[in-house]
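Participant: Before I ask anything, let me first share the structure, which is written out below as structure tokens.
The values are calculated or read from the model by the stated rules, or taken from the named source; none is laboratory data. No experiment lies behind these values; they were computed from the predicted model shown. Counting neighbours? That spans all protein chains shown, and the Cβs are built from the backbone with ideal geometry, glycine included.
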Amino acid sequence: MKVLVTGAAGFIGSHVVEALLQRGDTVVGLDNFNDYYDPGRKRANIQEALRNSAYRMVEGDIRDAGLLEETFESHRFEKVCHIAAMAGVRFSIENPDLYESVNVRGTLNLLEEARKHPVRAFVFASSSSVYGASNPVPFREDADVTQPISPYAATKVAKEVLAYTYHHLYGLNCTGLRFFTVYGPRGRPDMAPYLFTKWISEGHPLRQFGDGTSRRDYTYIDDIVAGVVAALDAELPYEVINLGRGETISLSDFIRLVEEVVGTEANIVREPTKPGDVPITHADISKARKLLGYDPQVPVREGMERFWAWYQEAVAPTK
């Protein structure tokens, strides 16, 4: 199977690429190596894949329609795994134009190429952020997502709607995967698992936004990748599907867990809740279990122990 993976040098994308290569697929990765965080980290992410003859890396932007046309013409993909996006709720509030341009226009460009060069499956990354702040928990895929509370979340809703339109008009098989707080080795350095580990291990103040009662459904990267690959294989007509652990942990308890894993007490500095943050994310994963055979295996403590082991080897020595 020949697969295009966008965002292939990022956290989730690089893991998806390796999983596909390991099972014998041919993969083309596309990434623009932007500076939302250190591009050097992204280049390190792809070193293993670059050693595989079944992998080709294309450096470019999903907003470049000409590049996408050339790439699709050259490779004749069977499936597309669209992970590329501007990430981060808080940064999107400061830069809404950038998020619209990358997340919406970039996705539209890819859908157009997938229409013109028919693929068997178009699987794309959505987010738990689409559920906003007022839906009942655990979040079900049939919940109302018309009240997002950040530009980032709004762009993810837009991607789902665009994908449905292309399914309706052109019969394109599209599956949107709503990821819930993904963490693990190579994790993004702007997310809580990475930041808390860094701050605690280096003795820096830990910035806690809110009173510590907010809750997140942390999902280990290996479980997410298993769900992504299953969605590529399923070739569903049109679906949006939650990929989470299906369990939550409070911010206060998560900080205590990181303290225990790292073996150092945090110096907590409490700050007000940030605009755009939601009080809870909690996935109902019954649909993923039914349609994809999804069965998350890694509890949060084990996942953070694995992350800490990676951090000590890959990050700490460079400090």
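Participant: Is there a residue in segment 5-25 that is surrounded by fewer than 16 Cβ atoms within 10 Å (Cβ to Cβ) and at pLDDT below 95?
Facilitator: Among the residues of segment 5-25, not one is surrounded by fewer than 16 Cβ atoms within 10 Å (Cβ to Cβ) and at pLDDT below 95, which makes the answer no.
Participant: Filter segment 218-247 down to the residues that are closer than 12 Å to residue 12 by Cα and among the hydroxyl-bearing types (Ser, Thr, Tyr), then identify the one that is surrounded by the most Cβ atoms within 10 Å (Cβ to Cβ).
Facilitator: It comes out as 219.
Participant: Check whether at least one residue in segment 29-44 is closer than 27 Å to residue 220 by Cβ and among the polar types (S, T, N, Q), and report yes or no.
Facilitator: yes
Participant: Test of understanding: among 133, 125, which residue is over 20 Å from residue 86 (Cα atoms) and in contact with a strand residue (DSSP E or B) (Cβ under 9 Å, 6 or more places away or on another chain)? Reasoning before the result, please.
Facilitator: Working: 125 fails: over 20 Å from residue 86 (Cα atoms).
Exactly one of 133, 125 is over 20 Å from residue 86 (Cα atoms) and in contact with a strand residue (DSSP E or B) (Cβ under 9 Å, 6 or more places away or on another chain), namely 133.
Participant: Related question: Checking residue 63 against (1) in contact with a strand residue (DSSP E or B) (Cβ under 9 Å, 6 or more places away or on another chain); (2) within 27 Å of residue 118 (Cβ to Cβ); (3) not hydroxyl-bearing (Ser, Thr, Tyr), which single condition isn't satisfied?
Facilitator: Of everything listed in (1) in contact with a strand residue (DSSP E or B) (Cβ under 9 Å, 6 or more places away or on another chain); (2) within 27 Å of residue 118 (Cβ to Cβ); (3) not hydroxyl-bearing (Ser, Thr, Tyr), residue 63 misses just condition (1).
Participant: While we're here: It is to be established whether one or more residues within segment 249-260 are in contact (Cβ under 8 Å) with a residue 12 or more places away in the chain, among the β-branched types (Val, Ile, Thr), closer than 23 Å to residue 78 by Cβ and surrounded by 20 or more Cβ atoms within 10 Å (Cβ to Cβ).
Facilitator: No, that holds for no residue.
Participant: Are any residues in segment 212-249 assigned to a strand (DSSP E or B) and among the charged types (D, E, K, R), and if so, which ones? Full working, then the answer.
Facilitator: First, the residues of segment 212-249 that are assigned to a strand (DSSP E or B): 215-216, 219-220, 238-243, 249.
If the condition is that a residue be assigned to a strand (DSSP E or B) and among the charged types (D, E, K, R), then 215, 216, 239 are the ones that fit.
Participant: Could you list all residues from segment 163-211 that are over 22 Å from the mean Cα position of the chain (by Cα), over 15 Å from residue 239 (Cα atoms) and in a helix (DSSP H, G or I)?
Facilitator: Listed by number, the residues that qualify are 169, 170, 199, 200, 201, 202.
Participant: Where residues in segment 8-21 are in contact with a strand residue (DSSP E or B) (Cβ under 6 Å, 6 or more places away or on another chain) and assigned to a loop (DSSP other than H, G, I, E, B), which of them is farthest from residue 126 (Cα to Cα)?
Facilitator: 9
Participant: From the residues in segment 258-300 that are of a type in the set (D, E, K, R) and in a loop (DSSP other than H, G, I, E, B), which one is farthest from residue 242 (Cα to Cα)? Give the derivation first.
Facilitator: Restricting attention to segment 258-300, the residues satisfying the condition of being of a type in the set (D, E, K, R) are 259-260, 265, 270-271, 274, 277, 284, 287, 289-290, 295.
In the following step, the residues that additionally are in a loop (DSSP other than H, G, I, E, B) were identified as 265, 274, 277, 284, 295.
On the way: 265: 34, 274: 25, 277: 19, 284: 7, 295: 12 Å.
Per the stated criteria, the residue is 265.
Participant: Residues 88, 29: which one is under 18 Å from the mean Cα position of the chain (by Cα) and modelled with pLDDT of 95 or more? Talk me through it step by step, then tell me what you get.
Facilitator: Details: 88 fails: modelled with pLDDT of 95 or more.
Step by step, each of 88, 29 is checked, and only 29 is under 18 Å from the mean Cα position of the chain (by Cα) and modelled with pLDDT of 95 or more.
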